[in-house]
């Protein structure tokens, strides 16, 4: 049993495993880009495989899952909206000689200007999250504990403090 006043020892393998929890989402982006839930499922599978690891590894796995979970609603709306536009019977013209659009006049979903604006914001948000995940993974691998604003508090609450490492000496 460990003393609660003594900080947990973090081994190099822990740093690598914690760093990989963030990189798991990046690998999932490459394989499942159109379906945003794949990133979270990949992170959950990685966590399931490391749930008996040290507190440090488990905490970073949970923070990576939360980071992916935050993106699900935004990406799902963008994906659903794109599918709705593609499968609709309404012809949408992005360039119209009368200066309007050829969709339904009062329907927000078929207005290409709103769709392009939303997709642009979502792409920028995903790029920012992608870069942040890479930076976080690199810093964690070097031994720095990176805490994301708001998400770190949830990770603290969700991660069990009980040592679940079966290989503790």
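Residues considered: 135, 127, 109. Of these, the only one that is modelled with pLDDT under 90 and surrounded by 11 or more Cβ atoms within 10 Å (Cβ to Cβ) is 109. Residues in segment 46-81 that are free of Cβ contacts under 8 Å to residues at least 40 places away in the same chain, surrounded by fewer than 14 Cβ atoms within 10 Å (Cβ to Cβ) and more than 13 Å from the chain's Cα centre (by Cα): 48, 49, 80. Does residue 43 meet the test of being touching a residue at least 12 places away in the same chain (Cβ under 8 Å) and in a helix (DSSP H, G or I)? Here the answer is yes, as residue 43 does meet what is asked.
Exactly one of these conditions fails for residue 97: (1) at pLDDT 70 or above; (2) over 16 Å from the mean Cα position of the chain (by Cα). Give me its number. That leaves (1) as the condition not met. For segment 13-43, filtered to residues that are surrounded by fewer than 18 Cβ atoms within 10 Å (Cβ to Cβ) and modelled with pLDDT of 80 or more, the residue that is nearest to residue 127 (Cα to Cα) is 41.
The values are calculated or read from the model by the stated rules, or taken from the named source; none is laboratory data. Computed from a prediction, not measured in an experiment: that's the story for all the values here. Ideal geometry is used to build each Cβ from the backbone, glycine not excepted, and the neighbour counts take in all protein chains shown.
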